[in-house]
Amino acid sequence: MENNSYSPKFIYEEEAEQASYAYLMSVLIIIVGLPMPIINVIGSVIFWLANRKKRSDFIRFHSMQSMLSQLAVVPINSIGLGWTVSILTKHSEVTNAYIAYIIIVLTYNALEFFISLYAAVRVRKKEDVRFWFFGELTELMQQKGSFAGFKRTFFQSVYLVIPFLVIWMGLSRIDFVDIYKIKDVPSKMEKELGKYVMELISNENKEITDKETTYILNNIKERICTDNGINPQKITVHLVKNGEINAYALPDGHLTVNTELILYCKKPEELAGVMAHEIAHIEKKHVMSKLGKEIGFAALSAMLNSGAGGMEGLKILTSTAYDRKMEEQADKTGVEYLQKSRIDPKPFADLMYRLSTEESDIMKKLTIISTHPGSEDRAKRIINHAD
């Protein structure tokens, strides 16, 4: 940033005051609690449009320079906002790259705030403040720049982008997710939903809690989680007395296994395969994504507040399928979990084959078919992943 004496020998108080308003526009908006870049841009554009035909070059220059500096914030902040919304709606996860990007965005906005405040003060004192890059760009847009100025502006824009990318890539290498244990902290809504859904299940089915009966399930869970770097405390396994052959992942790390599934499995590895698959759904955030897509987060929040509509959410989780992409990801990840735990994935594939070829008289029990369709194709996929 440069401070130069402006070419006119005399600048009126009114000119200095109006020129400083261009920078105060964004500062004042942030102070009153509206740190949305688009609002700053709208204010700057309106101010520039109101002053672009005035005789004072001083006002026109600083109105445009302020507007251009605000426009630069928009794509940066918009990407951050879109990324954040995607995470809140469970379409993506919090990653090191996301946290690094948000750190840079917040730093950039803080610099924008203080630089705008500094410019407003200096311009009010009738000093000509030229921002690096934006000052040259303003002159070019006002048709006062030279070809050399155009070249400088072009290379300055490159100098702005490259450091941004380098810093972002460097910060992304820091494992923020592990340092702050972000994946171990479920959202408040997810915790409430998990508790609420488990209450609904308990009202409909008896949960078996004696240690001898649940020992096998917890042992499988501990082995899979420990060998795959998953915190076992995040996942709670429930054994429910139910005549349907199924198991399903629920919000907040709850994994429910029906007694009929245990009776149906011929080998412990088959049961381990099903559990690994459901743990994959939990780890990949598929549960909340499915609910958000089919019910909507606003409806889920209303359901929690009113206590109504809970059975609809439970039905979606226990009676309808995940989309194909989620199922394929859970199959692949589940097989990887099994392999790292030194559990043969092929019995899991055998289970899928058996489910797809059962006699029609017991199909009413095979709700796992409705919640996990395409069992024969999935069995082939499991074998392929295992090889």
Review point. Condition test on Gly229, is it surrounded by fewer than 16 Cβ atoms within 10 Å (Cβ to Cβ) and small (Gly, Ala, Ser)?
Key: yes
Check your understanding: Pick from segment 141-179 the residues that are at pLDDT 80 or above and of a type in the set (Phe, Trp, Tyr): which of them is nearest to Trp48 (Cα to Cα)?
Key -> Phe164
Practice item. Give the residue, chosen from Gly292, Gly307, Gly313, that is of a type outside the set (A, V, I, L, M) and at pLDDT 65 or above. Key: Gly292
Practice item. Determine which single condition Thr107 fails, assuming it passes every other condition in (1) modelled with pLDDT under 70; (2) loosely packed, with under 14 Cβ neighbours inside 10 Å; (3) among the β-branched types (Val, Ile, Thr). Key: (1)
Check your understanding: Is it the case that segment 272-280 has a residue that's modelled with pLDDT of 90 or more and touching a Cys at 6+ places or on another chain (Cβ under 8 Å)?
Key -> yes
Check your understanding: For residues in segment 355-369 being surrounded by 14 or more Cβ atoms within 10 Å (Cβ to Cβ) and under 19 Å from Tyr248 (Cα atoms), which is modelled with the highest pLDDT?
Key -> Leu355
Point to revise | Test: residue in segment 230-250 that is out of contact with any Gly (no Cβ under 8 Å at 6 or more places or on another chain), in a helix (DSSP H, G or I) and at pLDDT 90 or above | key: yes
Review point. Out of segment 93-118, which residues are polar (S, T, N, Q) and in contact with a Ser or Thr (Cβ under 7 Å, 6 or more places away or on another chain)?
Key: Asn96, Ser116
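The values are calculated or read from the model by the stated rules, or taken from the named source; none is laboratory data. Being a predicted model, the structure only gives us computed values, none of them experimental. Cβ atoms come from the backbone with ideal geometry, glycine included; neighbour counts cover every protein chain shown.
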